[in-house]
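See structure below.
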Amino acid sequence: MRDAALFGCAVVTGVGAVLNSAGVTAGTGITIFGLGGIGLSAIAGARAAGAHPIIAVDRIARKLDLAVELGATHVVNAESDDPVAAVRALSRGGTPAVIESVGSERVLAQAYAATAVGGTTVTVGLPHPERQLSIPAISLVAEERVIRGSYMGSAVPRRDVPRYLELYSAGQLPVDRLVSDVIPLESIADGMRALASGDAIRQLISM
């Protein structure tokens, strides 16, 4: 199955961040900052879990449109709107679960600020090792907040990959929508540039 290649990283990480790391269940509100392959996989995973609302945040309108197709109930364009204020307004104070998949300490701080009291902020992004995160320290205790790192979606591959493939086969995890293009191996440099510019979500390489 061609699309099975997606389950090696993006889907396992994004869906796992929702189900394993954030522990999202039906009716839980969630916000995803960053709509690359991982963030969009998280949107699909949140929908499969029955989360509500599902708020998607990014700077690229085309990615926000795709997030709606995958299950987002609300979108926030961080290019034109204050994402923290917008998320808090849409969710009456923040969502219980927020996932950051950008790899930016600035966006992680925004994700934390958009998390509800008592909620969990999950980060799957990898910022530069020298970057530091600054948050109000008292909020961890006074608001019973949690920040959790999630490596590869806290996955147990032998358990999770078959489960996600079953959801895909049942039409509940339409991650094939992440495939922007299928390219030959000799075009891999062009493919990397497309990823860097945001023109592509995920590309499959035909060998």
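Apply the a/c threshold of 1.5 to the C-alpha gyration tensor of the stretch 17-67 and tell me whether it is rounded, prolate or oblate. Prolate shape, in that a/c is at least 1.5 and a/b is the bigger ratio.
With R₀ set to 41 Å, the beta-carbon distance separating VAL182 from SER139 gives a calculated FRET efficiency near 0.35.
With q set to 0.11, 0.16 Å⁻¹, the log10 of I(q)/I(0) for the stretch 92-207, from the Debye formula over equal scatterers at the Cα positions, is -0.55, -1.00. Highest mobility in the GNM of the chain, judged by mean-square fluctuation with C-alpha springs under 10 Å and restricted to ILE99, ILE147, ILE135, is found for ILE135. Remark: relative contact order (the stretch 2-153) = 24 percent; criterion is Cα-Cα distance under 8 angstrom and separation of 6 or more residues. Taking the centroid of alpha carbons for each part, the stretch 124-203 and the stretch 1-74 are 9 Å apart.
Dipole orientation for the chain: of the candidates VAL15, ALA61, VAL179, VAL15 has the Cα lying most toward the positive pole (charges on Cβ; Lys, Arg +1; Asp, Glu -1). Amide hydrogen proximity for THR123: with H placed 1.01 Å from N in the peptide plane, the residues at 5 or more positions away or on another chain lying under 5 Å are GLU100, ARG148, GLY149, SER150. The orientation-averaged projected area of the convex hull spanned by the Cα atoms of the stretch 89-134 comes to 3.2 nm².
Using alpha carbons only, how many degrees (0 to 90, rounded to 10) separate the axis of helix 157-169 from the longest principal axis of the chain? Between helix and principal axis, roughly 70 degrees.
A cut-off of 5 Å between modelled amide H atoms, ignoring neighbours fewer than 5 places along the same chain, links HIS52 with GLY27, THR28, GLY29, ILE30.
Calculated from the alpha-carbon coordinates, the stretch 28-108 shows an Rg and a Dmax of 11.0, 30 Å respectively. Dipole check for the chain: with +1 at the C-beta of Lys and Arg, -1 at the C-beta of Asp and Glu, and the Cα centre as origin, the magnitude is about 420 Debye.
Under the rule a/c < 1.5 gives rounded, and otherwise a/b versus b/c splits prolate from oblate, where does the stretch 144-207 land using the Cα gyration tensor? Oblate. The P(r) of the stretch 2-153 has a tail past 23 Å containing 26 percent of all C-alpha pairs.
Computed from the coordinates by the stated procedures, all read-outs in this text should not be read as laboratory data. Note that the structure is a prediction, hence the values are computed from the model and not measured. No Cβ is skipped: glycine too gets one built from the backbone with ideal geometry, and neighbour counts run over all protein chains shown.
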